[in-house]
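Below: the structure, in structure tokens.
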Amino acid sequence: MPRRPRLPPSLRPLQTFEAVARYRNVTQAAAELAVSQPAATQQLRALERFVGAALVRGERRQAVGERHIA
């Protein structure tokens, strides 16, 4: 029997990624989501672990696929 894909524990990591892609800045995204910047970074890392790929890059943690999210 094929193995079922594991689901993320919540939508929060996806919401965080969407906000980072929109603002192109983790701190501003965190402020919008009413969480701390380290908490937002943890959410991004959790999503990256889940998908098995880097979703943000650089010192300012900009979304890698930001041009595809428009």
Inset, instruction - Any chance you could count how many residues in the stretch 10-43 are of a type outside the set (A, V, I, L, M), assigned to a loop (DSSP other than H, G, I, E, B) and without any contact (Cβ under 8 Å) to a residue 12 or more places away in the chain? - result: 2
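Every residue, every condition in (1) open to solvent by 60 Å² or more (accessible area, probe 1.4 Å); (2) in contact with a strand residue (DSSP E or B) (Cβ under 6 Å, 6 or more places away or on another chain); (3) at pLDDT 95 or above, yes or no:
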site: LEU11; (1), (2), (3): yes, no, no
site: ALA30; (1), (2), (3): no, no, yes
site: ALA34; (1), (2), (3): yes, no, yes
site: ARG45; (1), (2), (3): yes, no, no
site: GLU59; (1), (2), (3): yes, no, no
site: ALA63; (1), (2), (3): no, yes, no
site: GLU66; (1), (2), (3): no, no, no
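The values are calculated or read from the model by the stated rules, or taken from the named source; none is laboratory data. It should be emphasised that the depicted structure is a prediction, and the values quoted were computed from it without experimental measurement. As a convention, Cβ positions derive from the backbone with ideal geometry for all residues, glycine included, and neighbour counts pool all protein chains shown. These area figures cover heavy atoms from the full protein model, side chains too; ligands, DNA and RNA do not enter into them. Shrake-Rupley method; radii C 1.70, N 1.55, O 1.52, S 1.80 Å.
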